[in-house]
Every structure is written in C-alpha cells, then in structure tokens.
Amino acid sequence: MTAQAAGHADDDALVIRGLRKTFGSSVVLDDIDLSVRRGEIHALVGQNGSGKSTLIRVLSGVHTADAGTLTMDGRPLSAPVRVSELRRHGLAVVHQDLGLVPGLTVLENVRVGHYTRSRLSRRIRWDVERAAAERTLSWLDADFGLDQRVAALHAGQRAVVAIARALQAQRDGSGLIVFDESTQSLPREVLQDFYATVRRIARTGTAILLVSHRLDEVLEIADRVSVLRDGRLVLAGQPSRELTEASLGHTVLGRELDRAAPWRQSPPPAASGPALLEVHGLHGSLLRGLDAALRPGEVVGVTGRTESGHEELPYALAGVMGARGELTVRARVVPLPCRDRSQLTANGVVLVPQHRLGEGLAAQLSALENLTLPRVVRRGRPFLRRGWQLREFATAVASMRITPPDASASVSTFSGGNQQKILLAKWLLGSPSVLLLHEPTQAVDVGARLEILTAIRRTVGQGAAVLISSIEAQDLAFVCDRVLVLADGVVVRELTCPCSAEDISTAVYGASGVPDTGGTPNPQGS
Amino acid sequence: MTTNPADDLAIQAPESQPGAPAIGASPRTYWHWLHTAMSRGSLIVVWIALIGLFTAIEPGVFFTGGTFQIIFGSQQALVFLAMAALCAFTVGEFDLSIASNLGLAAILVPVLAVEHNMNVAVASVLAVAACVLVGAVNAVVIVGLGIDAIVTTLGMATLVSGLTLGISGSSQVSGLTSRTAVIANTEVLGLPVTFYYGIAIAIAFWYVLRFTVLGRHMVFVGANRAVARLAGVRVTRIRVGAYLCSGLLAGLGGVILVDGLGGFDPSSSPSYLLPALSAAFLGTAVIEPGRFNPLGTLVAIYFLVTGIVGLQLLGYTGWVSDVFYGAALITALIFSSVARQRLLRR
C-alpha cells in the first residue's frame, strides 16, 4: 500500500494518468488525469459521445488504452485490465440496465461470478453463498427474500440487487463501485433510497464513481465533479458545492445552456377548435377509465408515479396494446381494442416509443432507411428512388443537427442523443397530426435534449397535437401547455403551464415532495 | 416534385439544397472508396485467385470451356434453393425444410408423370403447389401459433423427406422423356437455359429488395419487427409471404432439377440443404456486406462450386464437397459476423 505511482496521494482509491484511447483516426479519450478518493462520491458528467462509456470500458477491461496508467490503491493495473484484478481490488460496475437475469433468484443474481465451490465435487456451496448474500442484503436493508425471482421485484428492489452484487467484490471500506447511468432505469420514487444507499456505501470508505447525464442528480449527491467534453477532461475533481446547475451545464456543453423557452414569451394561443384526439373511459392494464382530449396546437404532458398509467397512455392511444375505451380521432370513432392500426396511421397518429432500439429504430440498418421508412409506401412507388430519401435526410440533419451526417451509417453507430433525433425526425418528416411520445429525452444529454424538445414544440406550431408521457418534470415544465397528473389510472390533477418543475413534482409526489430528484432551487419556465 | 412533403414539414426546413447530395453521402475519400470496394468485392477477388490457383496447378485441365460449363451449368437447383433460404432469412425467419421440399417436388413430378401417366406440365404445377402448401403449413405453425421456426421447419424437413421416400417407394424414380426436358436442358450460349432462370430469379429478388417498398418492408421486418409494425408494415402478411415464397422457390427448383436429370433419388434431397445455407451466409460477405443479399448469394454459389470442381479435377472424390461446404459455412459465418460487427461498432 505504498504510494509508488507519481502523484498518488494516500487517500486515492483509483488514479488515472495520461489515459488515451483512439478508435481508428478518432481520439475518444485524450490525456485523461483523474483520481477518485476513498469514501467520496465522484461524479463523471458529459454529453453522449464525450467518452464516458469508453472510460468505463477501459476501467472494466473491455477496451485497452493506447497510453496511460491506471492504479488502484497504489498498485498499477495491467492493460487490458483483467477480471481477476477487478475482483482483487474490489472494482465493480453497476450498469445502466443493471445486468440482472430476471428468471433467476436474488441469490443467484447476487452471487454470480463469486460462487464458492466445495473442493472435491466442485458443487456450489449454497450454504456459504446464502450467508454471504444474506449479510449484504441485510446491510442494505433489503425488504425481499433471497429466493424471490428478480422478475417479481420492482425497479427499486432490482437496483438493490445490482448494488448487492457489486458489493460482493468489496472488503468493507475498500474498492470502487462505478454506477454507469444506473438511475436512468429507476422510477423517481426510489431515487432517494438509492441515493441514501450510495451515500452509505461511500461512508464505509468505498469510492464511488457516478456516471450521469443528470446535472441535478450530480449536484445533489456528488462530493466532487469531473466533466468530459469531446474526450478531454475539462473539469477535474471540482467540489460540487462550488458549482451551480447553470455553470455545470455550461462546462458540459461548452456553450451557454439556453433554457429560455421562446414560446413562453407570448401566452399560448388558447388551443382552440375541435379536439384532434379524444378519449373517454380508457381502460388498459393500468388505466382505469381515463378521459382526455388533445387539441391542435398544444403540447400535453402526462406524468405520475410508477404504474399510475401515464407510461401506458401513449401506447393505448396509438392502438398498439389491448386497451378499451371510446377513442375519437378527427371526429371519427376508432374502435378499441384496435385491430387495424391503418385507421390511426392514416389520420396522422404517430407513436414514438420509449425504447429507441427496441421499438423505435432498427439498429443495424442505415440511418437513411430508418428515417424514410414511414413514407416509403407513399413515395416509393413504382420504385424507391434515392433522391427524396437523401433530401429527407438532409432536412433532418439541418433541423436536428444530427452528427455525423452520414446517411449510410447504421443507426447503432450514432450516439444515444443522435439516435433519438433520428427517431423523432423519422416521424416529424411525415407532418403528423397527433404525436404520442414516451420518455423522449431518456438517456439523452442536455444539448440533444434541448434540440429534441424544441423540435417537438415546432410541430404544434403547424397545428399538430402532442402528448408526452414522461417522469422528467423539468422537461415537461419546459415544453408543455398542460400537464395531466395520473394516479391509479385516471387523471387526478391538471396543471396549466407556465408552471415549474417543482409544481409538477409536488402534484405527483405530494406536498412533502419527498422523492423528487430536484431540490434544485431554480425552477425554470416560470 | 411539386408535392414534396419535405418542403412543409413540421421540422424546420433546411436553408437550401434541394438536390445537394453532400450531406447524405458518407465522407468520400479515395481510401474510403477503396475500402468500400475491397469489403464489397473481397469474395470476388478470392474467387479469381482460386481460378488462378487451379489454372496454375492443372494447366490445360481446369481452365477450359468444359469446366466452366460444369461450374455454371450444374447449380440451378442450388440457386433456387438458396433464394428460398434467403426469403426466410431476409425477414428474420428460418426455413430448414427447403431441401426436403425441393425433394418433394422433384419426386412428385416423375411419380405423377411416369407412374400415373399424367401430363408433365400438370404434374409440375401440382408438385409446386404441394411445396407451397408445405410453406403454408410452416407459416400457420410459426407465424400463426408462434412456435419456434428452427424447430418447426426441422420437424417439417424430416416429415417431408419421409413423405418423399414413401411416395417413391424409397427408390429412384426416373423415366421422364427428353421431350419434357426442353424447359431445362435447352442450351443458350453453351449453358442450359436454367442457368439463366437462376440469374433472373436472383436479379428479380435483388431488385425487389433494393428498389421496392415490399423489399424495404421485408428488410425491416427482418431487422426489427416492432419497428416495422409501428411504421404500419403488415408484419404478419410479410412473414407468411416469406414462407409461401420459400416453398414456391424450393418447388420450382425441384421441378427444374428433375426435368434436367430425368429422374430423382429421394434419399439425396437432404444433401442440398447445407450448400444452400452456406451460400446464403457466405453471400453476406460480398456485394452488400453484413446483409443477406441475392447477388452476393449468387456469387457465393459459383465460388463454392468452383472450389469443389477444382478439387475434384485434382483427383479428390465426392467427400471433398462436404468438407468444402462445411468449411465454407463456418468461414462464412465468421466473415459475416465480423462484417456486421464492423458495421455496428465505431
């Protein structure tokens, strides 16, 4: 435990020196110097494509660095980092999707990779396993049993399982846990519990490296903050109390974070005329007789706690799930459950689902093919010409700033934010009349987020109606004209904007405001 | 161009350039171009090298008109079969019953025509219809009931081969007169006319995938069904169509095969499966790397046959084709997986 590496202080857990990584001709990480101290929560922030994921992959041995050294507790790690070293040094990564196997039990998930085997028979010693997992889970105050299947747990409990697994590599008070966008998949209600757990682990002396998009989250729980921009560290270990959300946003983006919403300057032209889409008594697996109407020229937000029904509404209205109710689109009745979606699509009802690569875009096909898919029937007869497709792509690039502007690159090579822009442009190019979105800004960085919200806002300027289902109170406050708060499958409150993110959070979680992410004292949009 | 929706879209129109291809195109440097050409044509280069190699080893034996007649004149059934496999692969499905299906058609024609004195044309139509029916059963089980495609078509393959053996009494059936072989054996420019059928089918398939709405929809159904469905593509219809089309092509292949040969040995049909799959997978390494594509498959078929014929001329006997096809399938899988990873990763 001697400080051999240059610049190594005694309380440093992980020290990165001169780290460099290139893919082909592009420099992804350029001369990174970073140290994470024992017992601190160190946040690593950056836009999509800034190099965060690559850094984590170098740390966990997926990629080999071109140059630079990694030391853990004063001892150098080999390049590439070996799994056995990760184990020895107590270095663990909790990934965005948590990496659990739903069909297996909590015990199996927690202990995978650490199974103790008896000497002769090589059978797994389940008694030892059970005791080890039990210890960790009781320390984490888990409210579920070892033999429950992960599939039966709710999202907050799953996060605990993933953390418990990461802790298996730790001897108390040592090591480092990387949380790679782990809160993206967590419902807002459990965030405070999650933060409390992370703080508690840090107090034992384990170092925490928290990778995140969410500036408010970073400022709330991190002790120090580092910012990556275009592969360079532009802020290294700044104490978080010296930062504000605005200054941090500026550092991340490299430009001013313009949060003024131009459409707030003039009061919204009271959305008038007959509703484009109207629904009465909508029932689904979570919805319990919901009534709603979307009028031309308005953006309506829907939000609520997990399983309040807001997450189901876009899919129910788009006719892709077996919901029942009276649905009227442009004064025409559409029978639900919907057998033939062509009646909806023909009337310009468009769904932008939450899972970009699951339901939104075909990852291995090109950006061009994905972008033009909804219009090939109309414009592709008698045969598909390339001209109009390239023009559509050029339009999308110009208005949404898609980078790189390479039409033939497959979607998977784009960053998350750019994939989301392609997904949105794919539908906006068809001038929809009703746009239904679910979490359009999930796992998207601040810069792309603004461009996406602005593009959504522009569509209503042309007479469309937009419905956004989201748990991002800030985004809703930024872009919406009305926000519907759902509970138990029905609308329980309607907020008229301008309103603040805090107003929305209070309406959702109650006046105590317990499980809001925010705590940021600058509600914007008012 | 007057009703171009791109002019009044919800998202801001670009400042200019109605026809500027600069943005959509990838960065075109000389090296980029060369790289693209190499990755697209690598198999063709290997093919030419293979021809060169055999010519050098066996001067005067390999590089002759006769050899090329063998190479290009003997693989029509395989072309049809590989296109049938491609039908399923393109839409993300799997059809292992194609070879048995080909055998069914190839045995039904002589059995009906020779043993039951039916008109050959009618027998051929009935044989193809039987194959489409097999495809329809596949579609009902897989698409309709949601059963796994590999297991279903594997079962169907065994079932159909069994039927084929039963119909034929487990022995070779021949005796189709040469008069009926006109549609198969007429020579055009030194090659049987069926060679051109194969080329035509491949080009037609390529055209469909490349230039038609149907083809674009097929590719999306194969890549991501949920995305296709949300975009209004009739996914079920396309999946069912793929199985029907697969049966149709296998049936046509069988009819052409038996017309050319005059008879068919029912126990030989399973041996057609692996070459067809090898060719379809190897085809993903050429022309459009990382994708199932008909022209690449066509190149792959004749590449594989070149290798086998060359080795046979060197004195290796029948076993060499099994070794070559098997090795080619594995190599093809490695190739296409590498090509895909390169496309997907940055």
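No lab work stands behind these numbers, since they all come straight from the coordinates. Owing to the predicted nature of the structure, the values given are computational and were not obtained by experimental measurement. Neighbour counts are summed over all protein chains in view; Cβ atoms, including those assigned to glycine, are modelled from backbone coordinates with ideal geometry.
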Answer rounded, prolate or oblate for the range A:357-431, using the Cα gyration tensor with square roots of eigenvalues a ≥ b ≥ c: rounded when a/c is under 1.5, else prolate when a/b is larger than b/c, else oblate. prolate
List the pair-distance distribution P(r) of the range A:326-462, using every Cα-Cα distance, as the percent of pairs falling in each 10 Å bin from 0 up to the bin containing the longest distance, rounded to whole percents. 12, 41, 35, 12, 1
Distance (nanometres) between label positions extended 7 Å along Cα→Cβ at A:T403 and B:A56: 4.9
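Place a +1 charge on the Cβ of each Lys and Arg in the range A:357-431 and a -1 charge on the Cβ of each Asp and Glu, then give the dipole magnitude about the Cα centre in debye, rounded to the nearest 20. The partial results should precede the final answer.
Details: 10 positive and 4 negative charges, 78 e Å.
Its charge dipole is roughly 380 debye.
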Helix B:213-223 vs. chain B, principal-axis angle (Cα, 0 to 90°, nearest 10): 90
Ordered by number, the trypsin sites (Lys or Arg not before Pro) in the range A:92-139 that occupy a DSSP loop and have at most 16 other Cβ atoms within 10 Å are A:R119, A:R122, A:R123, A:R125
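For the range A:317-402, rounded, prolate or oblate, judged on the Cα gyration tensor with a ≥ b ≥ c (square roots of eigenvalues), a/c < 1.5 rounded, else prolate if a/b > b/c?
Numbers: a/c = 2.33, a/b = 1.77, b/c = 1.32.
Prolate is the answer for the range A:317-402, as a/c is 1.5 or above and a/b outweighs b/c.
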From zero up to wherever the largest Cα-Cα distance of the range A:103-201 sits, split into 10 Å bins and tell me the percent of pairs in each. 14, 47, 31, 7, 1
Relative to chain A, whose Cα atoms define the longest principal axis, helix A:416-428 and its Cα axis are tilted in degrees, nearest 10, by 10
With each pseudo-label sitting 7 Å past Cα toward Cβ, what's the B:E115-A:R330 distance in nm, one decimal? 6.1
So if each residue of separation counts as 0.36 nm, and I subtract the Cα-Cα distance between A:F144 and A:A246, what length gain in nm does that give? 32.7 nm
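Add -39500 (n - 2.57) for each DSSP H run of 4 or more in the protein assembly as shown, then divide by its residues: what number comes out at 222 nm, to the nearest 500 deg cm²/dmol? If you can, show how the numbers build up before the last one.
Values: 31 runs with 384 residues, N = 872.
So the calculated ellipticity at 222 nm is -14000 deg cm²/dmol.
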What size of dipole, in debye to the nearest 20, comes out for chain B about its Cα centre when the only charges are +1 on Lys and Arg C-beta atoms and -1 on Asp and Glu C-beta atoms? 880
Under the √(5λ) rule applied to the eigenvalues of the Cα gyration tensor, what semi-axes describe the equivalent ellipsoid of chain A? Give them in Å, descending. 42, 27, 23
Taking square-rooted eigenvalues a ≥ b ≥ c of the alpha carbon gyration tensor, is the range B:182-257 rounded, prolate or oblate, where a/c under 1.5 means rounded and, failing that, a/b exceeding b/c means prolate? prolate
Could you tell me the distance between the Cα centroids of the range B:262-309 and the range A:227-256, to the nearest Å? 56
With the convex hull built on the alpha-carbon atoms of the range A:284-353, volume per residue in Å³ sits at 94
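If the viscosity is 1.306 mPa s and the temperature 10 °C, what Stokes-Einstein diffusion coefficient in µm²/s follows for the range B:263-339 when Rh is the Kirkwood radius over Cα pairs? Intermediate values should be presented prior to the final figure.
Details: Rh = 12.9 Å.
In µm²/s, the coefficient rounds to 123.
I need the calculated FRET efficiency for the pair A:A293 and B:A226, taking r as the beta carbon distance and R₀ as 35 Å, to the nearest 0.05.
Working: r = 28 Å, r/R0 = 0.81.
For R0 = 35 Å, the calculated efficiency reads 0.80.
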Using the crude model of +1 on Lys and Arg Cβ and -1 on Asp and Glu Cβ, and no other charge, please compute the dipole size for chain A relative to its Cα centre, in debye to 20. 1680
Any idea how far the Cα center of the range B:221-256 sits from the one of the range A:318-390, in Å? 20
All-pairs Cα distance distribution in chain B, expressed in whole percent, bin size 10 Å: 5, 22, 30, 23, 12, 5, 2, 0
Roughly how many nanometres apart are two label points built 7 Å out from the Cα toward the Cβ at B:I48 and A:R493? 7.3
